[in-house]
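Remarks on the structure that follows.
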Amino acid sequence: MPANVGGTTGNKCPSLFVGTGLFFGGFMEEKPKIISELEETRDKALASLSQVNDEEALQNWRRDYLGKASQVMLTFASLGQQPKDMRALLGQTANQVKQALEVALEEHTQRVKQTALLHKVQSEQVDVTLPGRAPVQGGLHPQTQVMRRIFAIFAEMGFQVYRTPDVESDLYNFELLNIPAYHPARDMWDTFHVEGEGVVLRTHTSPGQIHAMRQNAPKPVRVILPGMCYRYEQISARSEIQFNQVEVIAVGKNITFGDMKGTLNGFVRRLFNADVRTRLRPSYFPFTEPSAEMDVECFVCAGKGCSVCKSSGWLEILGCGMIHPAVLENGGYDPRVFSGFAAGMGPERISMLLHKIEDIRYFWGNDVRFLGQF
Ligand code: DAH
């Protein structure tokens, strides 16, 4: 920016005064040194202002040329000590210099602001040709999905969902299910004991059977009992310390092993596919008599034998049986009049079979790379 302010034209005509030397009563005298110094400083200031291009430099410039210790301001302060005949001229000159500097500063400040704004606008330009960003979407946990499928299938067969607590007493988790203290069957469930006498984290959903029966007896009951179970186990690809189970019970008059088989077959065929083959193998559980385990034909190899079914052609998917008379009685039913069946399954295991997942730890490991696949 050319220093063209206050009626001067910068270096080419540095004087504030038109016709140098005409100011002392028309005599051609040398201009007083203090005045030419002021003018020199003004020209220097105006020249340096054109190099200023940010807020901070503007502040510094103002401090140097218009601040308390600047030459113009010191000139004002010293007016009283100047010879009387100089004061008017000096004051006038200082005023003109000050005004010239102020005007130039104001103008230049606007320019700097404009430039900064322009840069900002240009750098923040929206590039409408950029591809959009996909919004992050949540989803249902794979176990929530499987559980809901299981609920829906049993709902079609007339079973309601009944929820019971995760924290149980030893009585409900074991005793009332025909598993007395010191019974060797207790070794089937490595238990987390909670502070307080006989308080445990349920090791299976079976204690829910007693809650459901006690609340309904002597009316018939047909419910499923889903929920988290806990076992004090070494965590590995095949076993977790927490996992879901879904318990199934039906109690009424004339309920038979055939009803159990039909119900469970109906369930398995809806869950896997309509013509999957199943088989029941004899087994042992303290709360059922007789007890069995249900296998489905391996849907990976169609029964031929593969790594998933360990060459057997069959996949074990649940435990079941006719509710033991002692358990019916603990639930408030007369075992001479009532009978019932029960079953228990692990939805994580079912997911693993359905999706060929090889490590149960993925389910509760909270890794979105795994969870996002479902
Ligand atoms: N509660 C058993 C377990 O955790 C599973 C089970 C087996 C449940 C047979 C049942 C049943 O209701 O009839 O291993």
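The values are calculated or read from the model by the stated rules, or taken from the named source; none is laboratory data. From a predicted model like this one, the values you see are computed outputs, not experimental measurements. Note that each Cβ is placed from the backbone with ideal geometry, even for glycine, and that neighbours are counted across all protein chains shown. Quick note on the areas: whole protein, heavy atoms, side chains included, nothing else; ligands and nucleic acids left out. Shrake-Rupley method; radii C 1.70, N 1.55, O 1.52, S 1.80 Å.
The table that follows gives values for the structure above.
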| item | result |
| --- | --- |
| Size of charge dipole - the chain - debye, nearest 20, with Cβ of Lys, Arg +1 and Asp, Glu -1, no other charges | 820 |
| Check: the range 32-122 dipole with +1 on Lys, Arg Cβ and -1 on Asp, Glu Cβ, in debye | 200 |
| Shape call, the range 216-301: gyration tensor on alpha carbons, a/c limit 1.5 | oblate |
| For the range 28-167, projected area of the alpha-carbon convex hull averaged over all directions, nm² | 21.8 |
| Principal axes of the range 142-371: Cα extent on each, largest first, Å | 45, 42, 31 |
| Low-density loop cleavage sites - GluC sites (Glu not before Pro) in the range 282-374, where at most 12 other Cβ are within 10 Å (DSSP) | Glu358 |
| GluC sites (Glu not before Pro) lying in DSSP loop within the range 101-161, provided at most 13 other Cβ fall within 10 Å | Glu124 |
| Low-density loop positions, GluC sites (Glu not before Pro), the range 168-219 - DSSP coil, at most 12 other Cβ in 10 Å | Glu195, Glu197 |
| Choice from Pro32, Pro226, Pro135 showing the highest fluctuation, given a GNM over the chain with Cα pairs closer than 10 Å | Pro32 |
| Solvent exposure, largest accessible area first (probe 1.4 Å, DNA, RNA and ligands not counted), of Tyr362, Tyr232 | Tyr232, Tyr362 |
| Solvent-accessible heavy-atom area per residue, rounded to whole Å², over the chain at 1.4 Å | 56 |
| Whole-percent carbon and sulfur share, accessible surface of the chain, 1.4 Å | 53 |
| Top of His108, His211, His141 by mean-square fluctuation, Gaussian network on the chain, Cα under 10 Å | His108 |
